[in-house]
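Here's the structure we're looking at; comments come further down.
The values are calculated or read from the model by the stated rules, or taken from the named source; none is laboratory data. On a predicted model such as this, the values are computed, not experimentally measured, just so you know. As a convention, Cβ positions derive from the backbone with ideal geometry for all residues, glycine included, and neighbour counts pool all protein chains shown.
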Amino acid sequence: MSHRLRLVAIAVAAVIAWPLLAQDGTVVASGTGTVELEADRAIVNIAIESRGETASAAGIANAGVAAQVRAALGTIDLPMTAVTTAHYDIQTNWRRQDGERIPDGYRAVLSLRVAVNDVTRVGTIIDTALTGGATRVDGIEFSSSRAEAARAEAAALAVKDAMRTAEAIATAAGGSLGDVIELTTQGNVSPMPEVRRFRAVEAMAADVPTVVTPGALTISAYVNGRWRFEAR
């Protein structure tokens, strides 16, 4: 390697190492930790949409269908507290005529949330709601009862990952890693529900049951750390 190339290589190495081995005698490193969980909870978001010439007519029609859907869900042994109202709205429909928007009746939309602690029941809930008169299923949120414990585990793994990197940096620089000075987290390290979209306009055929299989839930943590650099 020529003298010029050696100087370039040294300069590049210095630039790369600069954020990791600071001038104040500390080592800075980051780490990530990831934990995968099986979902054991689910929320099914069901929508009931009705139309009418007046807002009152749309609302009355919607209430009738909603009662049918709730009754249908009651036949599969869901507790009353499992079905709650998430959103209700009545809007004016519009259509184009001679280039202008004119009112064309009203649309009432009721959104229900069905929460269960058994993900194997999701398909049955979907089929029952659609058969009972629901217009569509807007989404399924999967989560885990172990999410908080997994968040702590992911954070611990992230710290260990950062320490391994910091130790490698300190050793490569001819020293060793001293006491930790600071540990901080960045980004979202909270458990996040996984959302799977499932949309349907017509009720499913009774002889073709819906099967919904949740994937693994991933919880990640990101940590920044600063340690003292002990020169040898």
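With the structure loaded, tell me whether residue 138 is under 28 Å from residue 55 (Cβ atoms) and acidic (Asp, Glu) or whether it fails that test. So residue 138 fits the description; yes.
You will find that of 165, 128, the residue that is hydroxyl-bearing (Ser, Thr, Tyr) and closer than 12 Å to residue 46 by Cβ is 128 and no other.
Looking at segment 113-232, the strands (runs of 3 or more DSSP E) lying wholly inside it that each contain 2 or more residues that are modelled with pLDDT of 85 or more sit at 136-143, 175-185, 217-231. Would you confirm whether or not segment 119-137 contains a residue that is under 30 Å from residue 56 (Cβ atoms), buried (at least 17 other Cβ atoms within 10 Å of the Cβ) and among the polar types (S, T, N, Q)? Yes, the conditions are met somewhere in segment 119-137.
Residues of segment 92-112 that are charged (D, E, K, R), modelled with pLDDT under 95 and either surrounded by 14 or more Cβ atoms within 10 Å (Cβ to Cβ) or under 20 Å from residue 52 (Cβ atoms) (or both): 95, 101, 104. Pick from segment 73-91 the residues that are closer than 16 Å to residue 122 by Cβ and surrounded by 12 or more Cβ atoms within 10 Å (Cβ to Cβ): which of them is farthest from the chain's Cα centre (by Cα)? Among them, the one singled out is 76.
Can residue 31 be described as of a type outside the set (A, V, I, L, M), surrounded by 12 or more Cβ atoms within 10 Å (Cβ to Cβ) and outside the structural domain of residue 227 (by TED's automatic domain parsing)? Steps first, please.
Details: of a type outside the set (A, V, I, L, M): yes; surrounded by 12 or more Cβ atoms within 10 Å (Cβ to Cβ): yes; outside the structural domain of residue 227 (by TED's automatic domain parsing): no.
No; evaluated as a whole, the condition is false for this residue.
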